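FYI, it's all coordinate maths here, none of it is from the lab. Everything quoted here is computed from the prediction, not taken from an experiment. Here the Cβ is made from the backbone with ideal geometry for all residues, glycine too, and neighbour counts use every protein chain on show.
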Amino acid sequence: MIMTGHITVRLASAALCVVLTSGLSGCRHKQPPVAPLPQITTPVALETPPPPEKQPVIETPPTKLPPTPIAVAATRPPKEKKRQPAAAPAAPPPVQVASADPGTEASAIGALTAGGGTDPRMQQEAADLIASNDKRLNALPSQVTEDQKAQISKVKNFQRQAQEALNSGDVEGAKTLATKAKLLLDDLAKE
């Protein structure tokens, strides 16, 4: 039985080779010869095509495209971890400044702090920036609000986070977030 199958496969492959060889060899009939073309005895003048006319350039009118879709995860800024107030050291060593006149260098730099304390002036600046951003956000035209929903959502999110940071005592974080919101509002105003 095994021998019969093997022989059949060999015969089938041999038949296939014969068919392919005869098919690829082509037809053996002779074709009638093609008559040659008569020679040109008189010269022919070559014509040059006319130069192309200048076509007026038509500019396409600018079209307002819808905003590019944004993935939902990309619209949410990463959550910032709330800063834990650092434990105050028992007795900080006094800071020594090496200079000829101790009063001039300290006044040129300004008061140096460790960043843990809250400066009322800084708090007021952060609160003013947040309020200014809120005022600008509410004054935006409704068309801009509709066209730039994702951008407005980012601004509102930064504003909310800035207010939360200010309420928790993180003045620097509040100013940073309010500044980000202000920059996004500036971009909206340019459009």
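Neighbours of residue 121 by Cβ distance under 12 Å: Lys/Arg scored +1, Asp/Glu scored -1, total -2. Here the simple spin-label model places points 7 Å from the Cα toward Cβ, and for residue 122 and residue 15 these points are separated by 9.5 nm. Applying the Karplus relation 6.51 cos²θ - 1.76 cosθ + 1.60 with θ = phi - 60° to the stretch 127-135 yields 3J(HN,Hα) values of 5, 5, 5, 5, 5, 4, 5, 4, 5 Hz, where x marks Gly and Pro.
Here the spin labels are modelled as points 7 Å beyond Cα on the Cα-Cβ line, and at residue 4 and residue 183 they lie 8.5 nm apart. Taking the charge dipole of the stretch 119-191 about its Cα centre, with +1 at Lys and Arg Cβ atoms and -1 at Asp and Glu Cβ atoms, the residue from 122, 189, 179 reaching farthest to the positive side is 189.
Mean separation of Cα pairs under 8 Å and 6 or more residues apart, divided by the residue count, gives the stretch 119-191 a relative contact order of 41 percent.
Peptide packing: for 45-58, 163-176, 120-133, the average count of neighbouring Cβ atoms within 10 Å per residue gives the ranking 163-176, 120-133, 45-58, highest mean first.
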